[in-house]
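The values are calculated or read from the model by the stated rules, or taken from the named source; none is laboratory data. In this text the structure is predicted, and so the values were computed from the model without any measurement. For neighbour counting, all protein chains shown are included, and Cβ atoms are generated from backbone atoms with ideal geometry for every residue, glycine included. Note: accessible area is taken over every heavy atom of the protein model, side chains too, but ligands, DNA and RNA are not part of it. Shrake-Rupley method; radii C 1.70, N 1.55, O 1.52, S 1.80 Å.
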Amino acid sequence: NHAFEKTAIKSIDLPEGLTRIGYDAFLGCKNLASINIPDKVTEIGNDAFSNCEKLVSLVLPKGLNHLEQRVFVDCTNLENVVFLSMAKADDITCYPDEVFRNNSDKLSIWIYKDSGFAEKLSDYSSYFKYIESIFYKGGTI
């Protein structure tokens, strides 16, 4: 929690053994443009990437099954988020009405059609007012 909050970090490769990104971990890191999240990460906490203004694209790992509130709030340049998780909907905790609040109007979500996140995000698609569209992509991204 609060690991890199409001630092000038520009890029980071998180360690392979990491399983959770805590709340406020990168909150307010206005220069963060690149982050590599390992596949073993299963949970991303509240406001983990909020106000990361230079973040344009992000790949969320295969193991992800829990997204807390406001994870990507005010990421004003965020254009692409890729969900690699194939978790079933019953195994996912997600707050989609808050996850992508106040983001770029160019935001696209790339997701496997059969993943639980596709179901979770579709259930709340009316909340995605700033998302241009939701794209489904099967196979390898």
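Would you calculate, for the chain, the mean residue ellipticity at 222 nm contributed by helices, counting each DSSP H stretch of 4 or more residues as -39,500 (n - 2.57) and dividing by all residues, to the nearest 500?
That calculation yields -2000 deg cm²/dmol at 222 nm.
I'd like the accessible area for I37: 1.4 Å probe, protein heavy atoms, all chains in place, Å² to the nearest 10.
10
For A33 and K54 in the same chain, what is the full-extension length gain: residue separation times 0.36 nm, less their Cα-Cα distance, in nm?
Roughly 7.1 nm would be gained on extension.
May I ask you to give the solvent-accessible area per residue for the chain, in square angstrom, as obtained with a 1.4 angstrom probe?
So the chain comes to 50 Å² accessible per residue, rounded to a whole number.
Can you send over the carbon and sulfur percentage of the accessible area for the chain, probe radius 1.4 Å, protein chains only?
45
Report the paramagnetic label zone for N77: residues of region 42-65 whose backbone N is under 11 Å from a point 7 Å from Cα along the Cα-to-Cβ axis.
Flagged as within label range: 52-57.
For the chain, take every pair of Cα atoms, bin their distances at 5 Å starting from 0, and report each bin as a whole percent.
The distribution over the chain is 2, 11, 21, 27, 22, 13, 4, 0, given as percents.
Filter the cross-link list K6/K54; K30/K120; K6/K40 down to pairs whose alpha-carbon distance in this structure exceeds 19 Å.
K30/K120; K6/K40
Based on the Cα coordinates of region 15-82, what is the per residue volume of their convex hull in Å³?
Taking only Cα atoms, region 15-82 has a hull volume of 67 Å³ per residue.
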